1. Highest mean first, what order results for 146-154, 231-239 on Cβ atoms within 10 Å?
2. Using modelled amide H (1.01 Å from N, peptide plane; none on Pro or chain starts), what sits under 5 Å from the amide H of Ala78, excluding residues fewer than 5 places away?
3. By per-residue mean of other Cβ atoms within 10 Å, what is the highest-first order of 133-140, 192-199?
4. Cα to Cα, under 20 Å, and not fewer than 8 places away if on the same chain: which lysines meet these conditions relative to Lys286?
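Bear in mind these aren't lab numbers, they're just calculated from the coordinates by the rules spelled out. Fair warning: this is a prediction, and the values are worked out from it, not measured in the lab. Cβ placement follows ideal geometry from the backbone for every residue including glycine, while neighbour counts extend to all protein chains displayed.
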Amino acid sequence: MTSRPNSYDDFPLPVDPALGGQPPFEPPQPPVPPQRPKRRRHVMRWIGLVVAIAVLAAGGYVFFNYQRFVSGVNQIDAIDSSGDDAFDGTDQNILLVGDDHRPDGASDAQLAQLGTTADGGGTSTDTMMVMHIPADGSSATLISFPRDSWVDVPGFGKNKLNAAFSLGGGNDDPAGGARLLIQVIEGMTGLHIDHYVRVSLLGFYNIAEALGPIDVCLNNPVNDRYSTLNLPAGVSTLNAQQALAFVRQRHGLPRGDLDRQVRQQYFLSVEARKILSAGTLLNPFKLGEVLDAVSGAIETDSGLNFIDLATQMKGLSADNITTATIPILGTPTINVGGSALSIVEVDTAAIPAFIEDLIGGPSAYETATAAAPADVTVAVLNGGAYNGSAAAATETLASFGFLTVAPASTEATATTTIQYPAGQEGAAKAVATYLPGAAVVASTTVSQVTVVLGGDGLMPAAPVAAEPAAPAPEATPAGTTYAAGACIN
């Protein structure tokens, strides 16, 4: 056995020439206890074992939390799956819906917490947003849809957007309500909805309570007896009840429901910043509370895989969430069945460019090649032009070689549009060549290319040589990103 180095052995002794090259006298050394060479190995093994146990424990904790989370989520058959809704490196669109129904058997105390009464509420979807996630998951875009948007609801004609869920049977058949609402949103935007998430009034409250107090900033003080919100101007710290009132308020805001949309976009950005903070993600108890609250609050389509969703969104931060509201023309009051009705008039013609500016990338329509007129069947509907205009437009299109069907009338609209079903982009582009200025919109409510003549007076005509285009002005960002500490109405 070798001796363990000590304070003398560590350094060579000097040689004294006077002693004939012999080293000087070395004092006797104290006995050295025998070494245990295996102890270090044992220690390293124990360290490795502890690390392995910690990793396994963390993995088990994550697995346990995920299983607990998934078991609390209610899933419904909301999406007509076509095999392209998986998180497989493609862009994803998730429809987020919030409704106003009260919990069954809620006590007066619970209703007071929600800032509401036992009036039953309703399943009208007052909050509707599409969350667009690009393939690389580095950002997210929230597109809001005003609840009073006056839209085409298949099978029910014109109606407010927030009625689609109920008209689809949402009271008794949430899947049917979700499917009809998705069909309307897809028809409005041309976006394919891949997944669906719905949260109730009580669910929102529970999530806000689990996350804890949150700071918001208002430009002006508010005192709204309908939502029960009473806050000064500047920064306020909200509890769960105040948070719910904050996103529900629309009375007393300069633009009513449109400003409520902004409130909801702002609040989701603030909440995302809190959820993605180390204080939530690195606190297992806090994270568990939040996961429990979220899982018990939401209803999703059966194909939504949360692990895949989290993997695709791993690069997301609160600072790269963009929010926007679909373009509108105004908030007129119209007459329906002899009664006055306040609506939001959607700028249908502006939506395609709005979507493109917001989420980027060429659409299938843009990349399509115009079909030959002889290969295109087109229908013309009069939606606000002079009497006989649909028949005249049909005759003109037939003279250019298009196949046509009998003209008809439809609901009044201000803007002439060319509507087409998915897969007929080339046919729509061919018609657009003979109807410059018309909005071209993908729609789930038509089975062929359909021209809806509006009050703008556009009519088909032979194409003319295009003049050189003037330089386009610098684009204005379509959406808003809320920085930390931003203030709103």
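1. Details: 146-154: 21.0, 231-239: 14.3.
In decreasing order of mean packing, 146-154, 231-239 become 146-154, 231-239.
2. HN-HN under 5 Å from Ala78: Ser302.
3. Working: 133-140: 16.9, 192-199: 21.9.
Top of the packing list down: 192-199, 133-140.
4. Lys274, Lys314
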